[in-house]
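The values are calculated or read from the model by the stated rules, or taken from the named source; none is laboratory data. Remember, it's a predicted structure, so these values are computed and weren't measured experimentally. No Cβ is skipped: glycine too gets one built from the backbone with ideal geometry, and neighbour counts run over all protein chains shown. Protein only, heavy atoms only, side chains kept; ligands, DNA and RNA dropped before computing areas. Shrake-Rupley method; radii C 1.70, N 1.55, O 1.52, S 1.80 Å.
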Amino acid sequence: MDTGKGLLFVLSAPSGSGKTTLMAELLKSDRRLTRSVSMTTRGKRPGERHGREYYFITPRQFARERQRRLLLEYAQVLNNWYGTPRRFIDAARRRGKDVLLGIDVQGARQLRRSGYPAITIFIQPPSLKILHQRLMGRGTETSAQIKGRLALAKRELRCVPEYDYVVVNDCLMDAAEQLRAIVAAERCRVRTSLTW
Ligand code: ADP
Ligand code: 5GP
């Protein structure tokens, strides 16, 4: 059941494409937007904080969240579990906030299938070569992990046609501008649920 007034924007991107950077750009300039914080069983990267980038929990805690049906969607990505707590999104949307949610292609597919109203956007790197450079530049993964992420990126890129929009993150400011335009257009869209 849909409980909200605010919109849900779902962003997917191969790891290293710049999704986190772009989401931060949008949040800086738009006070009506808020970001959903996911739960994950992966370990913290240097500089990450519990409750800010993710809620870092154990596989056992994650299984409990799933069993209690507290997750809007969840998926296993590169051997770790990730999931979206439903309560925050519903509450934010009820307050009229638009929510940004960064999730992988499996999660976006689950959301679509569930019928939860969402606008889906795929962030695409300009090329696999540049994606490789960005992952190396970020310096948060080993070369084996980078190899795994690149192989996954090739599979994820095939899912672009499932999305409502695609934004190529070549120049960061141009990509951010395109995202702002999508948000603005969706806020102007005529929706049948509007009541007077
Ligand atoms: P993701 O969240 O998709 O995994 P990040 O936002 O962490 O990706 O970005 C990966 C790396 O690429 C970071 O070091 C970031 O600073 C850099 N980056 C992001 N967007 C751009 C861009 N348009 N041009 C150059 N570097 C970028
Ligand atoms: P990272 O470990 O690099 O932060 O994220 C790895 C992948 O997990 C990315 O594709 C990211 O979008 C995805 N991810 C993060 N949170 C969630 C979530 O709550 N659900 C799903 N399905 N994927 C997520």
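Here are the numbers:
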| read-out | value |
| --- | --- |
| Full-stretch length increase - residue 20, residue 50 - with 0.36 nm per residue and alpha-carbon distance subtracted | 9.2 nm |
| At most 14 other Cβ within 10 Å, DSSP loop - trypsin sites (Lys or Arg not before Pro), the stretch 67-158 | 68, 69, 95, 158 |
| Residues in the stretch 55-95 reached by a label modelled at residue 155 [backbone nitrogen below 18 Å; 7 Å Cα→Cβ] | 74-83 |
| Residues with amide H under 5 Å from that of residue 55, placed H, sequence gap 5 or more | 38, 39, 40 |
| For residue 166, residues with placed amide H under 5 Å, excluding near neighbours | 122 |
| Shape box of the stretch 1-136 [Cα atoms, principal axes, largest first, Å] | 42, 36, 29 |
| Out-of-range pairs (alpha-carbon distance over 22 Å; input 19/147; 5/44; 28/147; 19/129) | 5/44; 28/147 |
| For the chain: accessible area per residue (Å², 1.4 Å) | 58 |
| Percent carbon-and-sulfur accessible area, the stretch 21-70, ignoring ligands, DNA and RNA, probe 1.4 Å | 45 |
| Equivalent ellipsoid semi-axes, the stretch 20-73, via Cα gyration tensor eigenvalues times 5, rooted, Å | 25, 15, 7 |
